[in-house]
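Structure first, commentary second.
The values are calculated or read from the model by the stated rules, or taken from the named source; none is laboratory data. Just so it is clear, the structure is predicted and the values come from calculations on it, not from any experiment. Backbone-built Cβ (ideal geometry, glycine too); neighbour counts: all protein chains shown.
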Amino acid sequence: MRPNASARRGHLSANADEAPPPVAAATGGQPAGSAMLVWAIALSHASLAANSTMVAVALPSIRQDFDVSLGVATWLIVGFLVAFAVIQPLGGKLGDRLGRGRVLMWGLGVAMLFSALSIFAWNAWVLLALRVLQAGGMAMIIPNGMALIRDTFPMERRGRAFGLVAITSVIGASLAPLIAGPIVDVSWRGIPLAVGAALLVCTGMAVFALPRGRHTSSAPQPIDLLGVVLLAAAVLALATFATLLHQETPWPALLALAGGAVLAAAFFAWEGHAPSPVIGLSLYRIRSFAMASLAMHGVQLAMYAIVLSTPLFLEEVRSLSAKQSGLMLAVMSGGSALSAPFGGRLADRFGRRNPVLGGIVLLLLGIGVIAGFGLEGPVWTYGLGLVLLGAGFGLQAAGINTSVVESCPREVAATAAGTAQMTRHLGSVVGSSIVAAVLGAGAIAVSEVRLVLIIVGTLALLSMGAAFRIHHWPQRDG
C-alpha cells in the first residue's frame with residue numbers, strides 16, 4: 001500500500017537536499033497551467049505513437065510505390081528508431097543545460113518541419129533521411145516532457161500524470177490505424193501530413209502552458225558529440241547485420257556484426273573517460289533506474305516487433321486490406337487505452353512495481369494466444385491476443401516511466417529520461433531487426449511469424465526479472 005504523507009516526507013528528507021524549481025515551489029508542486037502542460041506533453045507522445053503505427057500500416061504501400069524489398073522498407077522504421085534512440089540522451093542533456101521547455105519547443109519545430117517535407121520524398125532513401133531528421137526532433141521532445149512532469153507534479157500525483165500521458169499515447173496509437181487505413185488507400189503521403197498537423201496542435205498548447213522560468217544545471221558540461229556518433233554507428237552496424245542475414249553470401253552480415261562490435265567497444269571505452277558521457281553510465285548504478293530501463297527495453301522490443309509484423313502477416317498471409325489490418329492494431333491500442341488509467345492509479349496507490357509486473361504478465365499471455373491460436377485460427381483469436389498485449393502495455397506504462405524519472409536527482413531528470421528512453425527504443429530497433437531477419441527473405445510464412453513471437457516472448461519474459469527489482473516507492477525525490 002502507499003505510505004502515508006508523513007512517512008513519505010520522512011523517507012525522502014535525507015535525499016531532498018535540493019529545493020524544487022521555482023515553477024513548482026511557488027504553488028506547492030501544482031503550478032497554474034499544469035493541466036495544459038501535461039496535455040501538450042501527452043499529445044506529443046501520442047503523435048510519436050501514431051507516427052510509428054501509421055508507418056507500420058503504410059509499409060506495404062510504400063514498398064509498392066518505391067518498388068523496394070522488405071529489407072529496404074524496414075529501414076524506414078529502423079533508421080527512425082536508431083536516430084530517435086541515440087539522440088534522446090543528447091536531447092535530455094540539452095534540456096538540463098539550456099532549459100527543458102526551450103528544448104522541447106525546438107524539438108516540436110524540427111519534427112514538424114521534416115514531417116511536412118516527407119510528403120515530397122521521391123524515393124525510399126530520401127524518405128529515410130527525412131524520417132531520421134524528424135526523429136531528431138522527437139528525441140528532444142520526449143525526455144524533456146518527462147522531466148517537466150517530474151518538476152511539475154508531486155510524488156503522490158505523478159503516477160496519474162504519467163497515466164494520462166500513457167492513455168493519450170495509446171488512444172493516438174488506436175486512432176492512428178483507423179485513420180491510416182483510408183489515408184493509405186488514397187496515398188501514404190497523407191500520413192506525414194497528419195503527423196505534422198498533430199505536432200502543430202501540441203506546439204500551440206505548449207506555447208501557452210510552458211513555464212517561463214529557465215531551469216538549468218548548476219554546472220553545465222560539454223555535449224559528448226563523439227559519443228553520439230560512436231553509439232549511432234554501432235547501433236546502425238548491428239541493425240544492418242540483421243537485414244543482411246538473408247544474403248547469398250554471409251560475409252556482408254559478418255562484417256556488419258564485427259564492425260558493430262568494434263564500434264560498441266570503442267563507445268564504452270570512450271564513455272568511461274568522457275567528461276560528460278552521452279548516456280550517463282553512472283545512472284545505471286541506481287537500481288530502480290537500471291531495472292526499469294531494462295524492463296522498458298524488453299517490453300518495447302516485444303511490442304514493436306508485433307506492431308511491425310502484424311500488418312505484414314495480416315495483409316500478405318491472411319489477405320486482409322490495409323484498412324482491416326489497421327483496425328486490428330486499433331483493437332490492440334484499445335486494450336491499452338482501457339488499462340492505462342488503472343496503471344497510473346495503481347502505481348500511486350500500491351507502488352510502481354506491481355502494475356509493471358501485471359502488465360508484463362498480460363503481454364506474455366497475449367503473445368501466447370497469438371502464437372498458439374491466432375496465426376492459423378479465426379482472425380478474432382489474433383485480435384484477442386492483441387487486446388491482451390495492448391492491455392499489458394498500458395498497465396505497465398505509468399509505473400515504469402514514473403520509476404525512471406523519480407529514481408534520479410532532479411537536476412539530471414531530463415538526462416535520465418533520455419537515457420532510459422534510449423534503452424527503451426533500442427528495444428524497438430532490436431524488435432524491428434528481428435522481424436527483418438526472420439521475415440525478410442521473401443514470402444512470409446506462418447512458421448516464421450511464430451518464430452518471431454517465440455523470440456520476442458522469451459526476451460519479454462526476461463524483462464520480468466528486471467521488473468521485480470524496481471522499488472515500490474522512490475528512494476529520493478530531490
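Quick notes on this one:
- Scope segment 56-71; condition within 20 Å of Leu314 (Cα to Cα) and surrounded by fewer than 24 Cβ atoms within 10 Å (Cβ to Cβ); matching residues: Leu59, Pro60, Ser61, Ile62, Arg63, Gln64, Asp65, Val68, Ser69, Leu70, Gly71
- Residue match in segment 147-161 (condition: under 16 Å from the mean Cα position of the chain (by Cα), modelled with pLDDT of 75 or more and in the same structural domain as Ile62 (by TED's automatic domain parsing)): yes
- Residue within segment 417-428 that is more than 14 Å from the chain's Cα centre (by Cα) and buried (at least 24 other Cβ atoms within 10 Å of the Cβ) present: no
- Residue within segment 22-37 that is surrounded by fewer than 16 Cβ atoms within 10 Å (Cβ to Cβ), out of contact with any helix residue (DSSP H, G or I) (no Cβ under 8 Å at 6 or more places or on another chain) and either modelled with pLDDT of 75 or more or aromatic (Phe, Trp, Tyr) (or both) present: no
- Residue selected from segment 263-274 under the condition of a type in the set (A, V, I, L, M, F, W, C) and either over 10 Å from Leu230 (Cα atoms) or outside any helix (DSSP H, G or I) (or both), by the criterion modelled with the lowest pLDDT: Ala274
- Just one residue in the set Ser288, Ser282 is surrounded by 17 or more Cβ atoms within 10 Å (Cβ to Cβ), modelled with pLDDT under 85 and not in a loop (DSSP other than H, G, I, E, B); that residue is Ser288.
- Residue in segment 319-333 that is at pLDDT 80 or above, outside any helix (DSSP H, G or I) and not assigned by TED's automatic domain parsing to the domain that holds Ala239 present: yes
- Residue pairs whose Cβ atoms lie under 6 Å apart, sitting 6 or more positions apart in sequence or on different chains, and linking a residue in segment 141-156 that is under 24 Å from Gly109 (Cβ atoms) and of a type in the set (D, E, K, R) to a partner that is modelled with pLDDT under 80 and part of a helix (DSSP H, G or I), are Arg150/Val405; Arg150/Ala413; Asp151/Ala24.
- For segment 86-107, a residue qualifies if it is surrounded by fewer than 24 Cβ atoms within 10 Å (Cβ to Cβ) and over 23 Å from Pro409 (Cβ atoms), and the qualifying residues are Met105, Trp106.
- Sole exception among (1) over 17 Å from Ala58 (Cα atoms); (2) modelled with pLDDT of 85 or more for Phe120, by number: (1)
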